[in-house]
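What follows is calculated from the coordinates using simple rules that are stated; it is not laboratory data. Since we're looking at a predicted model, the values are computed, not measured. Because the Cβ atoms are built from the backbone with ideal geometry, glycine has one as well, and the counts that use them run over all protein chains shown.
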Amino acid sequence: MTPHRDNIPPAQDSLDRLLHHWEEATPAAESVEAEVWRRIAAAEAPSEAPGLLGRIRALFARPSFSIAFAAACLLLGLFLVELRNSRQQALRSAQLAQSYLRIVDPLYEPDASPNNSQIGENLDTLLAWMKSDLQLDENQLARIRSVHEQLKPRLLDLAGQVAQMQHTLAEFEKERSSENQVNFLEFASYAEKRRRLDRECNESTRRLISEASDVMSPEQRQHYLNLLHPAIKATSGGSL
Amino acid sequence: MTPSPDNDKADLHSLQRGDDTALSRLMARWQKPLFAFAWRYLHNTTDAKDLVAEVFVRLYQQNQRLATDTRLSAWLFTILSNLCHNHHRWRRRHPAVSLDAESRDAPTTTSLAASIPQDAPTPDHALEKSEAFVALAAGMDRLPHDLKTVLLLHHYDHLSYREIGQITSCSERGVETRLYRARQSLRVELASFIKETKQT
């Protein structure tokens, strides 16, 4: 920056002289360096958050990104809904499979006292589930219903015997705890009866599952056995 | 005030390459003339210092946007004059008591006494001059921004019409016209003091 004249012009008028004297009254400049560096540091410190926000805003300002993000959110939502439905359906299938196993295997829940009407209701419900899940046609369903109806009295009878055996076992236990002794001949006879009953139960259940499977196609049969498998595995008292 | 443009250019280049010490050198070189300009514009030491600091902060933050051949002095005064203009308008809308501003309203206060030149021959003469300074400051304050900027840069920073034109975005002829109008306006405002000055 080049001065175009001397500090005191050669031809000064009164105004120039007044302006010149005022220059001398200017206070001395204090250093602003410390203040400048403080402000620069303060401006740079909080710049991280707005920078991040700014980048996010800039991303969403692009229509292609906004549309892609909305589509991704929609797909994720649909996926989560589908996943939830699928899990609920799987849970429901497992419950129905367990209920079915309770009907076809008297040993599955030996302490339950079977009730004819309850069995009948449950059977209808479970046959409806099997028809839907195994995609059975009306003919197959009718034959499977027939197999179940045919074996139902025998299964109910066996379930009754299992319950009776459970009761007898409780009597033995009661006697042992109160009198500190057990009639071993009676208990040996009980154990023999129980083994025979278990074999009959397993045989009846296998027969029912086998006859029901015979009605089905190979794919349906595989699916049918797969449905029963988790229920069998999940139950320590399962006898199949 | 004769800071070398070459030094400015070199320091600006260093600053743009990330050498922060270049800003310290620029501050050492320019804070005095910038402060003097701001003080004459605002008549307030605190505000003047604040705005000068803001100019250097902006230089630091915006240095990458400046072309390498930027006339740094013109850039600094342009930013400062705009800041002063905005601050002055804000002050008019939000009046506040200023310790420095006492000199404009109370000619016999101690802060005003400090403005009396040391070569004042007698106390009476000093008082007359201090009153004249108060009137000058008031007259300067009433000048429009364009006229005031041109007058200050011409009288106190001794810039050429071309340089003032760069700062005020105005032609040399325009600068000359503004300077004439500013001086005329001050002559009217300070008519009585100018007479007295003539007599002394």
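Segment A:163-199 and segment B:129-155 have their alpha-carbon centroids 120 Å apart.
Along the axis of the charge dipole computed for segment B:1-100 (Cβ charges of +1 for Lys and Arg, -1 for Asp and Glu, origin at the Cα centre), the listed residues B:Ser24, B:Leu59, B:Leu80 are led at the positive end by B:Leu80. The mean count of C-beta atoms from other chains within 10 Å of the C-beta of residues in A:152-159, rounded to a whole number, is 0.
When peptides B:167-174, B:153-160 are sorted by average Cβ neighbour count within 10 Å, with the highest value leading, the order is B:153-160, B:167-174. Think of segment A:65-233 as a dipole: +1 on every Lys or Arg Cβ, -1 on every Asp or Glu Cβ, centred on the Cα centre; then among A:Ala159, A:Ser204, A:Met216, A:Met216 lies furthest on the positive end. Averaged over the residues of A:33-41, the number of partner chain Cβ atoms lying within 10 Å of the residue Cβ comes to 6.
When the inverse distances between all different Cα atoms of segment A:65-233 are averaged and flipped, the Kirkwood radius reads 18.9 angstrom.
A Stokes-Einstein calculation at 25 °C with viscosity 0.890 mPa s, built on the Kirkwood radius of segment B:1-100 over Cα pairs, returns a diffusion coefficient of 174 µm²/s.
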